[in-house]
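Worksheet: one structure, shown below.
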Amino acid sequence: MEFLLLMFLGKPVWMWLVFLAIVITLMVFDLGVLHKDDHELGVAESLKLSAFYIFIAILFGGYIWWSWSTGTLVTSDGTNPVAAYFQGYIIEKVLSIDNVFVISLIFGYFAIPRKYQYRALVWGIIGVIVLRGIMIAIGAELISTYKWVTLVFAAFLAFTGIKMLVVPEGDTDISQNPVVKFVSKHMNVTKDLHGQKFFVRQPHPMTGKLVLFATPLFVALLVINFADLIFAVDSVPAIFLITTDTFIVYTANIMAILGLRALYFALAALVHRFHYLKYALAVVLIFIGLKGFYSYFFGKFDPYLSLAITVGIIMAGIFYSLWKTRNDDDGHDKEVAKVVE
């Protein structure tokens with residue numbers, strides 16, 4: 001069992017295995033127990049399940065604090081792992097909320113019923129675990145080899161934040177998505193859904209032979225994972241400017257994403273109420289980008305002050321959004337809800 005003590009990306013193998021075991025256990029419990037039978041996830045159930053995932057994320061943050069206080073966990077860059085974990089978790093959560101509408105558009109384009117949406121989202125976590133792991137490993141290697149890469153990340157985040165403030169959002173056309181175009185040209189896809197199945201065998205229209213067809217549910221899953229890869233272009237550099245410790249970066253990312261799948265069904269119908277949260281997020285990205293420059297040239301920025309500023313900006317965005325949209329009529333709620341039905 002000596003391999004458990006071997007180092008992988010700066011941490012013992014056993015720490016990575018423990019975290020992956022937690023993620024796998026949550027997924028098995030979610031799919032195999034809570035959602036063994038496909039059904040529509042209501043707002044109340046969505047909020048309860050989201051609270052459960054947030055509780056798990058906080059517990060894991062408590063574990064990080066305990067490991068740090070006992071000397072078991074030491075970050076590779078000397079940063080405070082507790083503040084870094086929670087700041088990364090919060091930023092990743094808000095970035096994910098900002099992209100809920102895109103996911104709802106994907107489901108609407110492929111006409112995926114609500115009772116199959118949650119299963120597709122949970123299975124998508126597997127792809128996220130792999131893709132985020134690859135991106136984070138590449139980012140960590142770049143930063144460890146070329147310190148100036150942090151300046152590139154900082155400039156990119158500041159530019160992204162400024163762009164979010166001044167450039168209006170355009171309409172998203174799912175039919176022009178590269179994944180949709182590729183699949184339509186290179187794969188056999190059924191016109192109709194086949195329950196929760198991703199693949200089915202049926203006669204080919206040209207040859208009459210039984211061949212494997214992908215279903216729209218599988219294509220939607222691919223497009224969602226591709227969208228998550230695009231989302232990661234913002235979130236991964238953001239958390240690397242908070243800490244370069246790969247374990248903290250990865251765990252904060254995955255913990256936030258796990259809870260998003262449950263929260264999606266409540267957010268999809270209420271996302272318009274958080275319209276101004278985008279601007280708060282833009283300010284946070286600019287702040288983190290500027291903090292990256294400060295840390296590179298002048299030394300570490302106080303981690304708890306950074307966490308407090310991030311939370312303060314995001315909370316201000318949430319409260320201002322709710323206040324500005326307090327008189328919105330129910331018609332808009334119904335219109336948005338139809339997208340995910």
Practice task
Hey, could you check segment 200-241 for residues that are of a type in the set (V, I, T) and outside any helix (DSSP H, G or I) and say which is farthest from M135 (Cα to Cα)?
Solution key: T207
Problem - Failed item in (1) surrounded by fewer than 18 Cβ atoms within 10 Å (Cβ to Cβ); (2) assigned to a helix (DSSP H, G or I); (3) over 22 Å from the mean Cα position of the chain (by Cα); (4) modelled with pLDDT of 80 or more, with K278 passing the rest - result: (3)
Handout entry: Residue in segment 107-138 that is farthest from L263 (Cα to Cα), counting only those that are of a type in the set (G, A, S) and not in a loop (DSSP other than H, G, I, E, B)
Key = A137
Practice task
Run down F110, F101, F86, F55 and say which single residue is modelled with pLDDT of 85 or more and within 25 Å of Y276 (Cα to Cα).
Solution key: F86
Problem - The listed residue being modelled with pLDDT under 85 and farther than 24 Å from F231 by Cβ, out of L34, L47 - result: L34
Handout entry: Boolean, L193 is assigned to a loop (DSSP other than H, G, I, E, B) and closer than 19 Å to L105 by Cβ
Key = yes
Exercise for the section: Give just the number: which of (1) more than 28 Å from V152 (Cα to Cα); (2) assigned to a helix (DSSP H, G or I); (3) over 17 Å from the mean Cα position of the chain (by Cα) does E141 not satisfy? Expected result: (1)
Handout entry: Filter result for V100 (out of contact with any His (no Cβ under 7 Å at 6 or more places or on another chain) and either crowded, with 19+ Cβ neighbours inside 10 Å or free of Cβ contacts under 8 Å to residues at least 60 places away in the same chain (or both))
Key = yes
Exercise for the section: Select from segment 131-149 the residues that are closer than 16 Å to V233 by Cβ and not hydrophobic (A, V, I, L, M, F, W, C) and write down the one among them that is modelled with the highest pLDDT. Expected result: G139
Handout entry: Selected residue [of a type outside the set (D, E), under 29 Å from the mean Cα position of the chain (by Cα), closer than 25 Å to V128 by Cβ and exposed (fewer than 11 other Cβ atoms within 10 Å of the Cβ)] from H186, H194
Key = H186
Exercise for the section: Tell me which residues, restricted to segment 289-314, are farther than 13 Å from V94 by Cα, of a type in the set (A, V, I, L, M) and in contact with a Phe, Trp or Tyr (Cβ under 9 Å, 6 or more places away or on another chain). Expected result: L307, I309
Practice task
Take segment 183-201 and flag every residue that is touching a residue at least 40 places away in the same chain (Cβ under 8 Å) and of a type in the set (G, A, S).
Solution key: G195
Handout entry: Subset of segment 55-72 [in contact (Cβ under 8 Å) with a residue 40 or more places away in the chain and either of a type in the set (V, I, T) or outside any helix (DSSP H, G or I) (or both)]
Key = I56, I64
Exercise for the section: Could you identify the single residue in A220, A262, A227, A214 that is out of contact with any Leu (no Cβ under 7 Å at 6 or more places or on another chain) and crowded, with 24+ Cβ neighbours inside 10 Å? Expected result: A220
Exercise for the section: Working only within segment 125-164, note down all residues that are farther than 20 Å from T244 by Cβ, loosely packed, with under 14 Cβ neighbours inside 10 Å and not basic (K, R). Expected result: V130, F159
Handout entry: Single match in A154, A111 (criterion: touching a residue at least 40 places away in the same chain (Cβ under 8 Å) and under 29 Å from P237 (Cα atoms))
Key = A154
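The values are calculated or read from the model by the stated rules, or taken from the named source; none is laboratory data. Note that this is a predicted model, so its numbers are computed, not measured. As a convention, Cβ positions derive from the backbone with ideal geometry for all residues, glycine included, and neighbour counts pool all protein chains shown.
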